[in-house]
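Below is one structure, written out as structure tokens, with a few remarks after it.
The values are calculated or read from the model by the stated rules, or taken from the named source; none is laboratory data. As the structure is a computational prediction, the values presented were derived from the model and not from experiment. As a convention, Cβ positions derive from the backbone with ideal geometry for all residues, glycine included, and neighbour counts pool all protein chains shown.
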Amino acid sequence: MDAKLVNPFVDAFTSVMPQMGFPEPKRAKLYVRERNAVSRGVSVIVGFTKQIRGNVVYNMSEDTAKYIASTMMMGMPINEFDAMAQSAISEMSNMLTANAATNLTGMGLEVDISTPSLTIGANFQVKISDSQYLTVEMDLGGQIVELDIAVDQK
Amino acid sequence: MEKVKVMIVDDSKISRAMIRGHLAKTNFEVCAEAKTAAEAVALYGETHPSIITMDMNLPDADGIECSRRIHAIDSDVKIIMISAMKDASLVATGREVGISAFLQKPISTNDLIDTMMVLCQSKVGKIAVLRESYAKAFVRALQQGIFSMIGVHSEVSLELDDRRYLDVSGIAVIVGLTGFPVGRAIVYMDVDTMNKFSSIMLNIDDPKDLDEDDASDTVEEAVNIIVGRGVSNINDVFKDKEMRITPPGTISGTNIRIASPKLTTFKITADTRIGKIYLNVGFAEGE
């Protein structure tokens, strides 16, 4: 995959999250991986089609997911990662992906995105690519949100 | 679901009988049949159907003129033009006089029913439309796909899925749906079924010879084909709205929970001799 396709996703994350009351995110690590993303506990998968094809996974621990959901809901305490918290994480993924799609359109690339699928579990992996893909770890107030980006330009 | 009244306007006795035949045993009830434009206008006033099927050639006026007259009486009525010829100029003129859909003869029962379902969504309800016009396309795709790829027959059932989660141990292949309506399809099965499925597809006799990655790649490719076929079934009917699929994301592991907030989902189960294969298809609400 092409590294220039990573920026629209990182830019979306850095611009959208502060609007929802989060501290300024920092790019922590960037590395190349193959085939499978190993879930950190909560993984949201979104599919892309048209000129950009592939999948992006927003991958985080359940604690991070609870922290994000709580912040999105004005600091409401969240003990269980329940339906409302899941809905918040889905909504965040939607916003990030829609914003990334706008950034891609700005680069002259037409994209369509699917609805997010939120997956929870301690023991699973997600195959998102037949070959290599890029992972970016974003530091959000000390919590790590991993973006697994397996998209290609057609 | 309440009956929806339909009037057939066609000067050919055979055509009228065919359309009546298509609608037999459905929730669409033929309340009137007209042979001329004048008769159509008169019968419209008497029976007030929700939907009209309109032929292009009538003895006293054409279908466009007849539609114009009826639309002037009631702009809510849904008119479907069914004609031998269908071209861009006919569609453009037809839209101006309030014709909602255009079908070309010979029409299939599926095309006619699907079109009618979409036109009277507010009457039959969104879930019925999603079930009849969209979910059923995946029912056919799953059954035919399993049979054509591994030669195994299946008993297939379709139900509205009101569970908040899917609980999966084994493999789940997620394929996004974009266009209209947007959503996603998830095909899942346990490890045993996956291994049997891929052994048959790859012609492997001894389960020990089956590589784990090959098994999941095989199921992934099969799902890609099945969901692609489902979407093609839909695109064949609704030619003006193109649905597309995203590349698959394949999840494997144990005790995985998949949630899809805000989707209307249907569970399709294919019961086969190698185990159960599930296809859960969900569409975004409010579109």
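Inspect the stretch B:124-136 for any residue being among the polar types (S, T, N, Q), touching a His at 6+ places or on another chain (Cβ under 7 Å), part of a helix (DSSP H, G or I) and closer than 30 Å to B:ILE277 by Cβ and give the result as yes or no. Let's see the steps before the verdict.
Of all residues in the stretch B:124-136, those among the polar types (S, T, N, Q) come to B:133.
Imposing the further condition that a residue be touching a His at 6+ places or on another chain (Cβ under 7 Å) reduces the set to none.
Checked against the condition, which is being among the polar types (S, T, N, Q), touching a His at 6+ places or on another chain (Cβ under 7 Å), part of a helix (DSSP H, G or I) and closer than 30 Å to B:ILE277 by Cβ, the stretch B:124-136 yields no hits at all.
Return the residues of the stretch B:80-106 that are in contact with a His (Cβ under 7 Å, 6 or more places away or on another chain) and of a type in the set (A, V, I, L, M); say none if nothing qualifies. Before you say what the answer is, go through the steps one by one.
First pass over the stretch B:80-106, keeping only residues in contact with a His (Cβ under 7 Å, 6 or more places away or on another chain): B:97-98.
B:VAL97 - this is the single residue of the stretch B:80-106 that is in contact with a His (Cβ under 7 Å, 6 or more places away or on another chain) and of a type in the set (A, V, I, L, M).
Checking the condition under 14 Å from the mean Cα position of the chain (by Cα) and within 14 Å of chain A (Cβ to nearest Cβ), which residue from B:PHE180, B:PHE238 passes?
Details: B:PHE238 fails: within 14 Å of chain A (Cβ to nearest Cβ).
Result: B:PHE180 is the single residue among B:PHE180, B:PHE238 that is under 14 Å from the mean Cα position of the chain (by Cα) and within 14 Å of chain A (Cβ to nearest Cβ).
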Quick count over the stretch B:31-53, residues being in contact (Cβ under 8 Å) with a residue 24 or more places away in the chain and surrounded by fewer than 17 Cβ atoms within 10 Å (Cβ to Cβ), is 4
If we ask which residues in the stretch A:89-101 are facing another protein chain (nearest Cβ under 10 Å), surrounded by fewer than 22 Cβ atoms within 10 Å (Cβ to Cβ) and not polar (S, T, N, Q), their number turns out to be 1
Over the stretch B:186-229, the set of residues part of a helix (DSSP H, G or I), buried (at least 19 other Cβ atoms within 10 Å of the Cβ), under 22 Å from the mean Cα position of the chain (by Cα) and within 14 Å of chain A (Cβ to nearest Cβ) is B:VAL223, B:VAL227
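Here's a check for you: in the stretch B:259-271, which residue that is part of a strand (DSSP E or B) and more than 15 Å from B:ASP190 (Cβ to Cβ) is nearest to the other protein chains (Cβ to nearest Cβ)? First the steps, then the outcome.
Let us first name the residues in the stretch B:259-271 that are part of a strand (DSSP E or B), namely B:259, B:263-271.
If we keep only those that are more than 15 Å from B:ASP190 (Cβ to Cβ) too, we end up with B:259, B:263-268.
On the way: B:ALA259: 5, B:LEU263: 6, B:THR264: 11, B:THR265: 11, B:PHE266: 14, B:LYS267: 15, B:ILE268: 17 Å.
Applying the filter and picking the extreme gives B:ALA259.
Based on this model, can you work out whether B:THR109 counts as within 21 Å of B:LYS13 (Cβ to Cβ) and either in contact with a Leu (Cβ under 9 Å, 6 or more places away or on another chain) or surrounded by fewer than 17 Cβ atoms within 10 Å (Cβ to Cβ) (or both)? Give the derivation first.
Working: within 21 Å of B:LYS13 (Cβ to Cβ): yes; either in contact with a Leu (Cβ under 9 Å, 6 or more places away or on another chain) or surrounded by fewer than 17 Cβ atoms within 10 Å (Cβ to Cβ) (or both): yes.
For B:THR109, the condition - within 21 Å of B:LYS13 (Cβ to Cβ) and either in contact with a Leu (Cβ under 9 Å, 6 or more places away or on another chain) or surrounded by fewer than 17 Cβ atoms within 10 Å (Cβ to Cβ) (or both) - is met.
Filter the stretch A:102-142 down to the residues that are more than 7 Å from chain B (Cβ to nearest Cβ) and of a type in the set (Gly, Ala, Ser) and list them by number.
First pass over the stretch A:102-142, keeping only residues more than 7 Å from chain B (Cβ to nearest Cβ): A:102-111, A:116, A:122, A:129-142.
Answer for the stretch A:102-142, where residues must be more than 7 Å from chain B (Cβ to nearest Cβ) and of a type in the set (Gly, Ala, Ser): A:GLY106, A:GLY108, A:ALA122, A:SER129, A:SER131, A:GLY141, A:GLY142.
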*Out of curiosity, is B:MET149 buried (at least 19 other Cβ atoms within 10 Å of the Cβ) and either touching a residue at least 60 places away in the same chain (Cβ under 8 Å) or not in a strand (DSSP E or B) (or both)?*
no
Take the conditions more than 24 Å from B:PRO248 (Cα to Cα), without any contact (Cβ under 8 Å) to a residue 60 or more places away in the chain, surrounded by fewer than 22 Cβ atoms within 10 Å (Cβ to Cβ) and aliphatic (A, V, I, L, M) and apply them to A:MET74. Does it pass?
yes
Do we have any residue at all in the stretch A:33-40 that's over 30 Å from A:LYS4 (Cβ atoms), within 9 Å of another protein chain (Cβ to nearest Cβ), modelled with pLDDT under 95 and surrounded by fewer than 18 Cβ atoms within 10 Å (Cβ to Cβ)?
no
